[in-house]
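Contents: one structure, followed by commentary.
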Amino acid sequence: MNKMIPLSLMAVASLYANEVTLSPISIESTTLTEVSQNAKLSADLAQALSTSVPSIDMSRRSGIANDIFIRGQKRDNISIEVDGTKICGACPNRMDPPVSHILANQIDEIEVIEGPYDVETFGTMSGGLKITTKKPTKDLHGELNFGAGSWDYRKLGTTISGGNDLVRVLVSASQESSDQYRDGEGNTLSQQRSEYGFTPPASMTNPDNRYASQYEDMQAYSKKSLMAKVYVTTAENQELRLGYTGNRSDDVLYANTPMDAVYDYSNIYNLEYNIKDINDIYANANLQYYYSDVDHPMSTQYRNAGAMNYKTNQLQTSMEGLKLKNDFELGSHKLLVGLDGSKRTWQGESFMTNVATGAISGTAVSLTPTMTTNTAIFSKLKKSFGDFDFELGARYDRTTVNPENTVFESNNYFALGANLLTSYNIDAQNKIFLGVGQAYRVPDARELYMNGSSNPDLDQTRNQEVDLGYELSNDAMKFKIKGFYSKLQDYIYLQKLTSTTFKFQNIDAIVYGGEISASVYATDDLTVDMAASYKRGQKDEALAGQTDKDLADMAPLRGSVALNYEYMNDSVATLQTQLSDRWDDFDADNGEQELAAWGIFNAKIKHAFNKNFDFTFGVNNIFDATYAQSNTYVDLTLISAGAETMLLNDPGRYVYTNLDFKF
């Protein structure tokens, strides 16, 4: 953990224009504000995050419901939490990643955890998101949003909030839909499947996986969402908080996978009781119960393979939790002590449907019904000594993964995670910071018990990490540089054994890299925003029968530069370029391939006619470039033939507009 990050990795001054606004940054996290006001492309949170935070890359899965990586980590290596509710997807092929169950326009703030520095949430091994949605207001407020864009994208959203000293209520609803986007070559999703980019290998044009003629031009997705909250003041300094979020996504196309999502339906329920200012020492107590569930059937219904009989694999998951947090102020010390418990169920069933008769046959278990139960105690202490700030955290977990199938035995895991964060304020403008942490994550049901690639003997993964950085903030600019080194023990990795067989393994690996960001206030009206990130992952040893030591999912050097011009009535015009180096460090033995370097240009103007009416117009990928930002590691089931695996190109030129009315 004492290896240095080569300074050459930080030499590129390229950055992300802000899709959402960044507030002051701490060592372990980046906080994004005004998410709903600025994320105008679509409801897709992954899109907004990947263009706002250097450490986040997007995994392109479709026109919506895309996934994220934090420093090359995804799935259970990172945690997603919405208003304290831990969210899990049901699809093992990531058609419904956790970030797809909350919409960008419902969000008030996002804290991006970078590293093993969150003791409050189960499974924050290498990072995570803490998403805070909009809160009810006492005064009456409302908002109406209209959106339109290329490929017949349409969106309608509304939010209303109000109440009194006793009760506050918020209701937010939206619906959106889009036809299939076209890449820079003009191919829709279905045409990308047929054409496979530029030069389709003959074996990749298997007609069974092509979209049937009646579905070639169908919509890419439709999505509806409802969020409702009620806050009730039960006594002085005491509040009962009730919340519900429902997501309904239908007919989501996944062109480079053998199946599409018939629907993704999710429900999130939240119940909190909060007491503040109990006495001079006991500052706050919060008791929270939450429950979420996801129903996700994916099928071959829209492909030639399903012309007479189509296959459906229906996955379902639920997450139930109870958390108690207590905040104390002990003189100059701030202490948090909490208890955390959760229970996740996950199961899958596949079956065949006869198109002519609707008869169902061949029902089989695709994922053994499994319950994962976790109990934990955690604590966090904050203290300042002059110019030094310290934060010490610890968490002890006990986890049981219990399959219903008696062929498998239950797996029990115990873990002690801890971290130390410290910063030294050199003066009012400059500070340096250091973080050291250790965190764990347990294998999930797919990795342990799912048909085809499971390994019931997997150990939990441990991440030991150090972060070091420097931050400058003054009237002329903000600048931050940060490096990290992560040592992964028993990292859970999917190995390709043959062209059709795979198995999860425990391996040891390292990941290192860094991020750089800056905002330069050139004039009172002109700001230059810049950021870049680099990461590299390597296995300690190549896997048995393989020679490649590169770790999958490690996107190359990426960044962008944005010019922001502010003019009358808080209006802003932005010109941005996003850049990516060639992806030439990749795990070829396990399905990845070399990707070309790419660069795109975006422009956006947000004009505020007054405080009640905003108009936004933008063009992404102005020059209609053809590029792919996601690789083809075998942990996703993608359409392939021999050594060839289908890439999914990102959208070409996209023109969009939004109208926002507020009161």
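Taking other Cβ atoms within 10 Å as a rough exposure proxy, Met352, Met554 sort from fewest to most as Met352, Met554. Maximal additional length on extending the Leu140-Arg398 stretch stands at 88.3 nm, based on 0.36 nm per residue less the C-alpha distance.
One Cα centroid belongs to region 563-580, the other to region 207-237; the line between them spans 30 Å. Shape verdict for the chain, please, from the Cα gyration tensor: rounded (a/c under 1.5), prolate (a/b greater than b/c) or oblate. Rounded shape, in that the Cα axes give a/c under 1.5.
Along region 296-308 the Karplus relation, 6.51 cos²θ - 1.76 cosθ + 1.60 evaluated at θ = phi - 60°, assigns HN-Hα couplings of 9, x, 10, 8, 9, 4, 9, 9, 4, 5, x, 4, 10 Hz to successive residues, with x for each Gly and Pro.
Approximating the spin labels as points 7 Å out from Cα along Cα→Cβ, the Asp570-to-Lys276 distance works out to 2.3 nm.
In plain terms, the residue of Ser630, Ser126, Ser640 with the fewest other Cβ atoms within 10 Å comes first and the most crowded comes last, giving Ser640, Ser630, Ser126. Using a cutoff of 8 angstrom between alpha carbon atoms and counting only pairs six or more residues apart, the relative contact order for region 420-553 works out to 17 percent.
The mean sequence separation of alpha-carbon pairs under 8 Å and at least six residues apart, normalised by the residue count of the chain, gives a relative contact order of 13 percent.
Between Phe663 and Val230, residue separation times 0.36 nm minus the direct Cα-Cα distance comes to 153.9 nm. Note on Gln175 and Ser499: with the Förster distance fixed at 41 Å, the Cβ-Cβ geometry gives a FRET efficiency of about 0.45. Net length available on complete extension from Ile377 to Asp295 is 26.4 nm, with 0.36 nm assigned per residue and the Cα-Cα distance removed. Helix-only arithmetic for the chain: the sum of -39500 (n - 2.57) across DSSP H runs with n ≥ 4, divided by the residue total, places the mean residue ellipticity at 222 nm at -500 deg cm²/dmol.
Of the trypsin sites (Lys or Arg not before Pro) found in region 594-632, those that fall in a DSSP loop while having at most 12 other beta-carbon atoms within 10 Å are Lys611.
Tell me which chymotrypsin sites (Phe, Trp or Tyr not before Pro) from region 558-624 have a DSSP coil assignment and no more than 14 other beta carbons within 10 Å of their own.
Passing both the DSSP loop test and the Cβ count: Phe623.
Considering only alpha-carbon pairs that sit under 8 angstrom and 6 or more positions apart, the relative contact order computed for region 549-648 is 23 percent.
In loop segments of region 506-602 as defined by DSSP, the trypsin sites (Lys or Arg not before Pro) with at most 13 further C-beta atoms inside 10 Å of their C-beta are Arg582.
Any read-out appearing in this document is the output of simple, stated calculations on the displayed coordinates, not a laboratory observation. Here the structure is a predicted model, which is why all the values come from computation and not from measurement. We place every Cβ from the backbone using ideal geometry, glycine too, and count neighbours over all the protein chains shown.
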